[in-house]
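The structure appears below as structure tokens.
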Amino acid sequence: MGRPRVVFVDDPDELGRVGADLAVETITRDPASWVVVATGRTPMGLYAELASRRRAGLIHTDQITAVQLDEYLGLGAGDRRSLLGWMRRSFLEPLEIPDDRVMTLPLDGDLVRGCSAFDEAIEDRGGLDLAILGLGENGHLGFNEPPSDDEARTRKVQLSPVTIEANARYWGAASDVPSEAVTVGLHSLLAARRIVLVVSGEAKHEIVREVVDGPVGPAVPASYLQEAEGDVTVVVDRAAWGSDRVPRAT
Ligand code: PGA
């Protein structure tokens, strides 16, 4: 346990390369890694970088299992807002990961039972190897909205107004964003052997500093990264951090 390592980068391009270096290291060491894959704008460069390294033969993704991080509830088949659809276009297809190596969240039936089976499957397998995560403006990881603590399990959640507003840019208006979702819980995420949190842009300036240096607690769910057992790296660009760099930066 220790403070997350903070890696400062200039811009989203470098963020993608540095994030990909960390992911490649894990996948090379353990080709059958279970990898949690966030959607959102920030990790897109990282995924494009992985795809280009794969095309160049620098990594092999033919044994990894991709684990869905979160999904809206109440969408019909083929709805453009589906986060699985986004994950497919940005990660699964470019890396040629077939459906039988994708662990998707339960979206219907008994969600309580489905979600606990999801957590059990991760636990039975020995936990997650890698979690590639983005940061919400309210400090969420996945859809673990504040308040969420480090014991939070995979579950159905109500999205906060801040998240709905932030995601409106992807789907049109705030009224287009579903209000309910399912998310992998902090408990499973924080136990991942490696966590890469990618943070970009001015809108994340205050929250990323709270995550790294602020008090740990449910008001800022990502602050629990400070107490995670695994290898945690926050890759943050200049627009998010600001121009002053702290001495303990690596
Ligand atoms: P973003 O989303 O990468 O699109 O900013 C991050 C998040 O809300 O988790």
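The values are calculated or read from the model by the stated rules, or taken from the named source; none is laboratory data. These numbers were taken from a predicted model, which means no experiment stands behind them. Every residue, glycine among them, receives a Cβ derived from its backbone with ideal geometry; neighbour counts consider all protein chains shown. Ligands, DNA and RNA are stripped out before the accessible areas are found, and what is left, the full protein with its side chains, is counted by its heavy atoms. Shrake-Rupley method; radii C 1.70, N 1.55, O 1.52, S 1.80 Å.
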* **In segment 95-118, the residues that are open to solvent by 60 Å² or more (accessible area, probe 1.4 Å), hydrophobic (A, V, I, L, M, F, W, C) and either within 16 Å of the ligand (Cβ to nearest atom) or not in a helix (DSSP H, G or I) (or both)** => L107
* To do: May I ask you to list pairs of residues, at least six apart or on different chains, whose Cβ atoms are under 8 Å apart, with the first in segment 68-83 being without any contact (Cβ under 8 Å) to a residue 24 or more places away in the chain and the second being in a strand (DSSP E or B) and acidic (D, E)?
  => S82/E71
* Asked: Does segment 1-24 hold any residues that are charged (D, E, K, R) and in contact (Cβ under 8 Å) with a residue 40 or more places away in the chain, and which are they?
  -> R3, R5, D10, D11, E14
* May I ask you to verify whether A32 is touching a strand residue (DSSP E or B) at 6+ places or on another chain (Cβ under 8 Å), over 21 Å from G185 (Cα atoms) and either open to solvent by less than 30 Å² (accessible area, probe 1.4 Å) or assigned to a loop (DSSP other than H, G, I, E, B) (or both)? => yes
* Collect the residues in segment 156-179 that are of a type in the set (D, E, K, R) and open to solvent by 60 Å² or more (accessible area, probe 1.4 Å), keeping them in residue-number order. => K156, E165, R169
* **helices (runs of 4 or more DSSP H) wholly inside segment 184-250 that include at least 1 residues being among the small types (G, A, S) and either in contact with a Phe, Trp or Tyr (Cβ under 6 Å, 6 or more places away or on another chain) or at pLDDT 95 or above (or both)** => 186-190, 238-241
* Count of segment 199-233 residues which are open to solvent by less than 50 Å² (accessible area, probe 1.4 Å), farther than 27 Å from P106 by Cβ and not polar (S, T, N, Q) -> 11
* Find all pairs meeting these conditions: Cβ atoms under 8 angstrom apart; at least six residues apart or on different chains; first residue within segment 198-225 and under 19 Å from L186 (Cβ atoms) and more than 16 Å from the ligand (Cβ to nearest atom); second residue among the aromatic types (F, W, Y) and outside any loop (DSSP other than H, G, I, E, B). => V216/Y224
* In segment 119-169, how many residues are farther than 30 Å from P31 by Cα, within 15 Å of the ligand (Cβ to nearest atom) and touching a residue at least 40 places away in the same chain (Cβ under 8 Å)? -> 6
